[in-house]
1. Suppose we keep just the alpha-carbon trace of the stretch 125-240; what are its Rg and Dmax in angstrom?
2. May I ask you to list the residues of the stretch 195-231 whose amide nitrogen lies under 20 Å from a point 7 Å from Cα along the Cα→beta-carbon direction of Lys39?
3. Would you please state which residues of the stretch 23-39 a label at Asn109 would reach in this model, taking the label point 7 Å out along Cα→Cβ and a backbone N cut-off of under 12 Å?
4. With θ set to phi - 60° and the Karplus curve 6.51 cos²θ - 1.76 cosθ + 1.60, what are the ³J(HN,Hα) couplings of the stretch 211-226 in order, to the nearest whole Hz, using x for Gly and Pro?
5. Would you mind getting me the FRET efficiency between Ile67 and Ala23? Use the beta-carbon distance for r and R0 = 25 Å, nearest 0.05.
6. Can you list residues whose amide H is under 5 Å from Gly144's amide H, if they're 5+ apart or on another chain and H is modeled 1.01 Å from N?
7. Which entries in Lys146/Lys235; Lys146/Lys202; Lys39/Lys146; Lys146/Lys203 show an alpha-carbon gap greater than 30 Å?
8. Give me the tail of P(r) for the stretch 123-163 as a percent: Cα-Cα pairs with distance above 16 Å.
Amino acid sequence: MEDDHKVQYFKANFDFIGFIFFAMAIAFILIAFNEGQNKGWDSSYIHICELLSASGFVMFFLFEPFISHPLIDFKIFENYNFTLITLINAVRAIALFGSLFIMPVYLENIMDYTPYTTGLIMMPSAIAVALSAPVFGKGADRWGSKYFIVFGMALTAVSLFLYWNLSVQSSLYDIIYPSIIRGIGLGMLYSPIMSTGLNSVKKEQIPEASGLLPITMRLASGFGIAYFTNYLATKKVYYLTRYGDKINDKNFTFLKIKSFFNNSGNFKTNTGVIAASAKINPGLGIIDSIVKMFATVQSYDDVFIIAGVICLAGIIPALMLKNKIHR
């Protein structure tokens, strides 16, 4: 038919050597990210994974320049907009996937919601993305993606900062409305990032670009989850120590509690370690639980603040983008 268009196929020899080294590098670094908290970041298992991943990356970068049809043609990063979009995509993934992984854990472990209720609480954010993404995608085609990406990163950062003071007394409103703001911010980012990345490269580089952007996001999200999980554990120890130092015989509130339990004849002074005292007097187990709860909640709040700061950092490369209109 006259109106039919011939389908164009992208053909190239497959780079098996590059694929093997790259798959090796990606697989072992993701294993390290996922198992680091469980196995311990200083464990030999994690160090072996890191060594194998580093070896895969080194071999990949050494061999790729000499392959006629490389798995990744590094010349694609000579494209100004594509390089910036790759960076923005990574920053977004680190901040969002790291914090989004933490939120359900917070809702279930701290707020004591069931997994089903947690899913319902997270749903408005997904609905906001579904409704806003098509609208902002069309807007980006009409006016360019640059400022949608800038405002999307800013809006997402604001939504994360709104979680700075979460507590066990936080209402559903305190949790849901920032998630809706985050959903709108994500809607501003999804289509503009992908369209800017693909439209900035040459036609023959589109298949490569369409593969690099998701890979970048997966790697960065794995790093974000690992980083925030480790950061959460570190801050929890910090706040436990900080709060525990205040529980001693110079603390008036603690002295009142101590006097109360002394009257029962069951309390033996052990101000250095509350948990040890809790074995002697079950009442002190309540104090121990409260201190741990406050330390954990404060740690989660810090995670959301750091995630917001990372999102704000993503505005810098977004402002450097060349705004191009594709219709």
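Laboratory data are not the source of any read-out in this text; all were calculated from the coordinates shown. As the structure is a computational prediction, the values presented were derived from the model and not from experiment. Here the Cβ is made from the backbone with ideal geometry for all residues, glycine too, and neighbour counts use every protein chain on show.
1. 17.2, 56
2. Output list for this probe position: 219-231.
3. 37-38
4. x, 5, 4, x, 5, 4, 5, 5, 5, 5, 5, x, 5, x, 5, 5
5. On the way: r = 15 Å, r/R0 = 0.61.
That pair, Ile67 with Ala23, gives E of 0.95.
6. Placed amide hydrogens put His326 under 5 Å from Gly144.
7. Beyond 30 Å between Cα atoms: Lys146/Lys235; Lys39/Lys146.
8. 45
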